[in-house]
Amino acid sequence: MPRFTLRQMEALLSIAETGSIAQAARELGLSASAVTGALNELERALDSTLTVRRKAHGVTLTPTGIHVVEEARTLLSLSEEIEHSTRGSEGEVRGRLSMGSYVSLGPTVLTPLLAEVARQHPGIEVDFATGSQEQVCQRVLSGDVDLAVAYDLNLPAGLRTIPLARFTPHAVLPADHPLTGQATVSLRQLASEPMILLDISPSRENTFLLFTAEGLTPTVAYRTTDFEVSRSMVGAGLGYAILTQRPSGDHTYTGQPLEIRRLHPRVRSLDVVLVCNARTRLSRPAAVMMEIARALPSNALHPSDP
């Protein structure tokens, strides 16, 4: 039998996440001495130094500590899953699922997935966070989140993917733009116009790749990391944008109309995928989400395509 306890593992994980014994104690509702004692007992049980503690500098993990924290996440998740499974009725899936999403895919892809999970398995509690693709993928690899929605573009090694949807980049123009008289617009026509760049990876890189493939350089007038801000700036007449997601209503938050046009020649589409850590065991709630993602028809996650 192991000589450590789940409580000790929980204390180590909280210390790793907060970087402080005092903060971990507050998170766990324990005294600082109790958390310190749990950490000391765990290090004795494993006969290893897991942390480096410096006054006024917090706590850092040793290489062994980093490894143990990764295993602790899996162990605590499994124990929570066992506890939840015994409380539900037969066949009911319960537990906690942590999701990540590339920022612009949250409203269009992540939300329908969460709604389907809630419909089929109301006992699953879901936490989610959005960010850049690099941020959410690194959180999957670190074990901070179970799954994430991302573009299948420059993904880091160590991830397993399930296809969800496919979207095509398009031009977003102000309603009074001269090019709105055309059914399609070319990147060459847009290159000299002021661009509002969605300056977050991988949207930034993909936009530049589209122009580079045509031997062009866009005229970037504004940069923003917010999808809706970019649309609002277009609506205000400050320029055009190249975006991949298209909300169902072609209006900004303030009601200004937008004109959406296909790009000519047609540019390559981008695949959206659900990613998980290929090296770790999925919790039951995460496995259920993967099953739901596989079963959903592709058009269930498609917004309007110009």
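The values are calculated or read from the model by the stated rules, or taken from the named source; none is laboratory data. As the structure is a computational prediction, the values presented were derived from the model and not from experiment. With ideal geometry, Cβ positions are generated from the backbone for all residues, glycine too; neighbour counts draw on all protein chains shown. Each accessible area value is taken on the protein alone, full model and side chains, heavy atoms only, with ligands, DNA and RNA left out. Shrake-Rupley method; radii C 1.70, N 1.55, O 1.52, S 1.80 Å.
The share of C-alpha pairs in the stretch 1-153 whose separation exceeds 27 Å stands at 36 percent.
Full extension of the segment from A129 to S48, taken as 0.36 nm per residue of separation minus the current Cα-Cα distance, would add 25.8 nm. Against the longest principal axis of the chain, how steep is helix 133-142, in degrees 0 to 90 to the nearest 10, with axes from Cα atoms? Around 20 degrees separate the two axes. The portion of the accessible surface of the stretch 98-181 made up by carbon and sulfur, rounded to a whole percent, is 49 (1.4 Å probe; DNA, RNA and ligands excluded). In the chain, the C-alpha radius of gyration followed by the widest Cα-Cα span (Dmax) gives 23.5, 75 angstrom.
Y253 sits among other residues whose Cβ lies under 13 Å from its own Cβ, and their net charge, with Lys and Arg +1 and Asp and Glu -1, is -2. The stretch 1-61 and the stretch 220-270 have Cα centres spaced 48 Å apart.
So which chymotrypsin sites (Phe, Trp or Tyr not before Pro) in the stretch 217-306 pass both tests, a DSSP loop state and at most 11 other Cβ atoms within 10 Å of the Cβ?
Numbers: sites: Y222, F227, Y240, Y253; in loops: Y253.
Here the sparse-neighbourhood loop sites are Y253.
With 0.36 nm allotted per residue and the present C-alpha distance subtracted, the R268-R281 stretch has 1.3 nm of extension available.
Shape verdict for the stretch 188-236, please, from the Cα gyration tensor: rounded (a/c under 1.5), prolate (a/b greater than b/c) or oblate. It comes out oblate by the Cα gyration axes. Short-range pairs are left out: with C-alpha atoms under 8 Å and at least six residues apart, the relative contact order of the chain is 21 percent. Taking 0.36 nm per residue of separation and subtracting the Cα-Cα distance, what length does fully extending T62 through V229 add? Net length gain for the segment: 55.9 nm. From largest to smallest, the equivalent ellipsoid semi-axes obtained for the stretch 109-172 from the alpha-carbon gyration tensor read 21, 18, 11 Å.
Starting from the Cα gyration tensor of the stretch 144-286, take the square roots of the eigenvalues, sort them a ≥ b ≥ c, and report rounded, prolate or oblate (rounded when a/c is under 1.5, otherwise prolate if a/b is larger than b/c, else oblate). Prolate, because a/c is 1.5 or more and a/b exceeds b/c.
Over the chain, what is the percentage of antiparallel beta bridges among all DSSP beta bridges, to the nearest 5? Numbers along the way, then the final one.
Values: 25 of 44 bridges.
Counting DSSP beta bridges with both partners in the chain, the antiparallel share is about 55 percent.
Spin-label pair S192-E17: with each label point 7 Å from Cα along the Cα-Cβ axis, the two points sit 5.5 nm from one another. Is the C-alpha gyration tensor of the stretch 89-223 telling us rounded, prolate or oblate? Criteria: a/c under 1.5 is rounded; beyond that, a/b larger than b/c is prolate, otherwise oblate. Since a/c reaches 1.5 and a/b is larger than b/c, the shape of the stretch 89-223 is classed as prolate.
Reported value for the stretch 1-50: 62 Å³ per residue, from the convex hull of its C-alpha atoms. Near P163, once Lys and Arg are set to +1 and Asp and Glu to -1 for all other residues with Cβ below 13 Å from its Cβ, the sum equals +1.
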